[in-house]
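Accompanying notes for the structure given below.
The values are calculated or read from the model by the stated rules, or taken from the named source; none is laboratory data. Not measured: the values here are computed from a predicted model. Note: ideal-geometry Cβ built from the backbone for every residue, glycine included; neighbour counts use all protein chains shown.
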């Protein structure tokens with residue numbers, strides 16, 4: 001298997017790395033998070049101008065024509081820079097669902113930066129069970145009306161259109177009978193709030209809300225596939241965050257002095273920095289494996305690879321994060337220092353779409369709903 005990047009992929013990596021370095025300094029990010037929306041429309045347009053919003057879209061859809069590897073490169077850079085824009089909600093989840101349902105009427109607007117999407121799927125009692133859907137969709141003539149509540153809708157407070165999962169038949173927990181619907185966000189009851197990592201989410205209530213379009217009436221396989229792709233993206237993002245934490249920690253050890261010497265000269269601390277690197281490289285290898293398997297049509301093989309990656313990345317993130325905090329001392333726990341923000345983001349990533357324990361059970365074949 002060839003792991004070398006193509007010329008186009010290297011060019012993409014250089015472009016996104018440079019953009020993040022130029023526009024996402026830590027002080028710049030703190031100011032962005034203080035804005036009413038919690039992200040920058042100017043930065044969003046910069047992403048569109050570089051073609052990054054259409055990385056996973058075909059060229060005839062106005063996109064870059066890339067695939068999982070290109071998404072991995074973007075995710076890694078975004079992880080290093082702690083990018084706050086709704087790329088994950090719009091381009092990974094939203095555009096992913098549109099692509100896999102064959103409903104691509106709106107993807108050109110996504111690539112141009114003109115349309116924000118959100119995926120309203122999670123419900124309060126679902127935990128990590130993707131089939132736990134109580135929100136219902138009722139057909140009246142040619143119209144579908146959606147009733148129910150969705151929780152933790154990532155960037156749901158700013159989305160122009162919402163993709164909603166709703167039950168059209170069957171019982172709660174059944175994989176069959178889950179539909180996917182496109183809803184105009186205007187007029188919806190939305191309560192937005194910041195999440196622990198500084199991003200945004202919303203609670204959304206649907207009260208006989210008319211669907212703008214039916215994306216699929218057999219949505220579970222599509223949801224499962226898009227979530228696997230999303231987890232692969234999150235794993236790559238986590239690797240980018242860990243890499244920045246490790247580099248920052250090593251630099252700090254070279255300059256912080258104790259007993260008249262840089263603390264990096266103490267062998268026991270050097271060993272801890274090396275252990276961080278080992279965990280980082282383990283996570284990087286598994287994130288690359290998840291990237292390679294994200295587009296596999298075999299749901300079983302794809303799911304095992306994604307879960308294995310999520311487990312290793314979760315374990316590595318905990319180790320790297322805790323060591324970075326410890327080696328920095330008290331400064332790492334302050335809001336004025338980047339390491340603590342990385343640790344918060346890694347903690348959130350570990351919980352998204354199944355925590356480490358959930359994916360371990362999935363791998364062990366204990367029948368955990370997922």
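Just to be sure before I move on: is residue 272 part of a helix (DSSP H, G or I), at pLDDT 95 or above and within 18 Å of the chain's Cα centre (by Cα) in the structure I sent? When the stated conditions are applied, residue 272 does not pass them.
Criterion applied to 25, 65, 81 was being in contact with a helix residue (DSSP H, G or I) (Cβ under 7 Å, 6 or more places away or on another chain) and free of Cβ contacts under 8 Å to residues at least 24 places away in the same chain, and the one residue passing it is 65. Could you name every one of the strands (runs of 3 or more DSSP E) located completely within segment 171-210 that has at least 3 residues being over 25 Å from the mean Cα position of the chain (by Cα) and surrounded by fewer than 16 Cβ atoms within 10 Å (Cβ to Cβ)? Here the list reads 200-210. Could you go through segment 295-306 and let me know if any residue there is closer than 18 Å to residue 73 by Cα and either assigned to a helix (DSSP H, G or I) or touching a helix residue (DSSP H, G or I) at 6+ places or on another chain (Cβ under 9 Å) (or both). Checked against the condition, which is being closer than 18 Å to residue 73 by Cα and either assigned to a helix (DSSP H, G or I) or touching a helix residue (DSSP H, G or I) at 6+ places or on another chain (Cβ under 9 Å) (or both), segment 295-306 yields at least one hit. Just one residue in the set 354, 365, 340, 321 is more than 30 Å from residue 4 (Cβ to Cβ), out of contact with any strand residue (DSSP E or B) (no Cβ under 8 Å at 6 or more places or on another chain) and surrounded by fewer than 16 Cβ atoms within 10 Å (Cβ to Cβ); that residue is 365. Under the condition of being part of a strand (DSSP E or B) and in contact with a helix residue (DSSP H, G or I) (Cβ under 9 Å, 6 or more places away or on another chain), which residue from segment 148-161 is nearest to residue 83 (Cα to Cα)? If we take residues in segment 148-161 being part of a strand (DSSP E or B) and in contact with a helix residue (DSSP H, G or I) (Cβ under 9 Å, 6 or more places away or on another chain), then 154 is nearest to residue 83 (Cα to Cα).
Only residues that are in a loop (DSSP other than H, G, I, E, B) and surrounded by 12 or more Cβ atoms within 10 Å (Cβ to Cβ) were counted across segment 26-55, and they come to 7. Scanning segment 107-143 for residues that are farther than 30 Å from residue 360 by Cβ and surrounded by 18 or more Cβ atoms within 10 Å (Cβ to Cβ) yields a total of 8. If the requirement is being closer than 22 Å to residue 239 by Cα and not assigned by TED's automatic domain parsing to the domain that holds residue 244, which of these qualifies: 62, 67? Checking each option against the conditions leaves just 67.
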